Amino acid sequence: MKTKTIFLTAALLGCFIGSAAQDVTVLHMKDGTTKRYMNGVKWKTSMEFYEHTPAATVTSPSYGSTTHENGYQYDWGVTQVLKLDGDYLVGLFWQDEVPENFQAQHGVCFGTEPGLTVDNCQEKMYYSKGANVTFSSVSDMNRSHYMWIGPRKSGNLRMSIDNYRWLESRDTLNYINIPLEIGQTYYYRTFSEGMINEAGQEKTVVFYGEERSFRVPRVMRDFEYFAYPCATKEALTAFANAHLDSLPAPTWQRLEPLWNKWRATDEGKNYDLSADITSEKFDDGTGYRLNRIPDEFYTWAANREIVIDAFEGLAEVSKYYDKNTKDSVSTALEYRVTNVDPKWGVPGGKYIRYVPANTTVSPKIIYRSDEVMAGVKYKIQFNFAPETDEFATDMDLRPTKVRIGAKAPSENRFQRIAFPDGKQYLEVSATEATVCEIQDFVMTAMGLELQYEHNVSVIDMKADANKPDKIIYNRILRIAEIRLIPMKDE
């Protein structure tokens, strides 16, 4: 049942009235007492009534809940939940229309035990109108209040109230600075504290909102457990120290695809990991840890030949903005060629022909493998196909020049590969297969991305009457597979 409180203010206003008649206003109070106010030529009584409904904190299922492993969703019973730097932070939003003449202060009682009052709570914080707060609606500002609870975080904090209201605070005023412990239940209660006149004396009165609570859930990710066995940071560091010659440890996200391939082999299936895996129960299910990565996995990963397929290894073709169509357009036209006659010597029997979409933008074609191990010395083999189209023109059969850059997926910049003759580009024939091998190719981080681009200028594409022996090039790239072969130390 909704509780309502009726406020009464009585003011004795002096005025001069010509009549000599007098009257009395008598108020019969609910507790049985009476109040008498004289009216007449000098005095009159003015009364106003206010109806007050105790404030209720807005609880949001969209923003006041969190989603965890196995689809587990947890409702906190607050307005907003944030997780910053591994710490939980909750936000409360409420509105209270206590009349201004009561000079009410608004705030939050907070603690770990129920039965909160302003005199019986762990923390009490009054709301302050901060200068550095933005409300989505100006009409919300005067009667709206908010409070953050959790360890202090710097910077802007955004609280989503519902689908159309929000606030952003950049102050440190409305903040109960306390760490929220996992598994602990907390209680909170909004209040309005105002002044009333009773028996001629001013008195403080407090009106409370509903007492609510929330529990910080105990979920597996907060303890570095997972829904299935994943390597811990300690296990990855130990793996790097043992095998990667002081190179940085890979993330599990980078290593896991290769780990899953090993586990699918006969050796991996039969390897007993039970002593290396721990498990524990959490709110969102049973969590697991892989505490050690076996040496056998590294031996398998570091000694396998890696093939980057001409089709499946393609990661990206660069795009440009077309001013006419206002679309993002590929810089190269792709033609996938399959079932290539073995006489052409194309590994895998397939390749992709990349033809520039226009003459002003140079295509960049990126191939990728997540299986290249850091620190392993490879012989890398680049394969280019000849033109196999029987209707190819003379221009199609001109050679091309290509530059190749390499980097790990976690890195930002490609490093140009130097070819055996010291050139920064490789000349590629269009009439026969081209194979180029680079010895002692080593990555310093997990995975490999290769970026191809032509190195043919406009002058390279034109004949010169003064140089009848000049080679005329085109900008067509025909990329077949890339192969990485582990090199055995002598």
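See the values below:
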item	result
Listed residue pairs exceeding 30 Å between alpha carbons, taken from 44/124; 319/377; 407/488; 407/462; 364/423	44/124; 319/377; 407/462
Globularity ratio of region 342-388, using Cα Rg and 2.2 N^0.38 Å	1.56
Within straight-line cross-link reach of residue 269, lysines at Cα separation under 21 Å, skipping those fewer than 8 residues along the same chain	261
Probe 1.4 Å, accessible area per residue of region 259-336, Å²	60
Within the chain, helix-based [θ] at 222 nm, where runs of 4 or more DSSP H residues each add -39,500 (n - 2.57), nearest 500	-2000 deg cm²/dmol
Longest to shortest principal axis, alpha-carbon extents of region 61-213, angstrom	62, 36, 25
Cleavage-rule hits, GluC sites (Glu not before Pro), region 359-462, DSSP coil, Cβ neighbours within 10 Å at most 10	390
Simple spin-label estimate for residue 333 and residue 321 in nanometres, 7 Å along Cα-Cβ	2.6
Estimated FRET transfer efficiency (residue 237, residue 442; beta-carbon r; R0 25 Å; 0.05)	0.75
Computed over region 247-337: relative contact order in percent, which uses C-alpha pairs under 8 Å that are six or more apart	15
Pairwise FRET efficiency - residue 281 versus residue 197, Cβ, R0 = 56 Å, nearest 0.05	0.45
Alpha-carbon gyration tensor eigenvalues x 5, square-rooted, for the chain, Å	76, 32, 16
Loop-exposed chymotrypsin sites (Phe, Trp or Tyr not before Pro) per DSSP, neighbour cap 10 Cβ within 10 angstrom, longest uninterrupted part of the chain	165-390
Projected label distance in nm at residue 223 and residue 162, using a 7 Å step from Cα toward the beta-carbon	3.8
Computed E for residue 288/residue 67 - FRET, C-beta separation, R0 25 angstrom, nearest 0.05	0.80
As computed over region 390-481, the Cα convex hull volume per residue (Å³)	131
Those trypsin sites (Lys or Arg not before Pro) in region 373-480 that DSSP places in a loop and that have at most 11 other beta carbons within 10 Å	413, 462
Accessible area per residue, Å², region 378-436 with all protein chains present, probe 1.4 Å	51
Region 177-299: Cα Rg divided by the 2.2 N^0.38 Å rule of thumb	1.92
For region 102-166: span of alpha carbons on each principal axis (Å, largest first)	34, 33, 23
Carbon plus sulfur fraction of accessible area for the chain, probe 1.4 Å, in percent	47
Trypsin sites (Lys or Arg not before Pro) restricted to region 46-134 and DSSP loop, no more than 15 other C-beta within 10 Å	129
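The values are calculated or read from the model by the stated rules, or taken from the named source; none is laboratory data. Here the structure is a predicted model, which means the values were calculated and not measured. All Cβ positions, even for glycine, are placed from backbone atoms using ideal geometry, and neighbour counts span all protein chains on display. Accessible surface areas use protein heavy atoms only, side chains included; no ligands, DNA or RNA. Shrake-Rupley method; radii C 1.70, N 1.55, O 1.52, S 1.80 Å.
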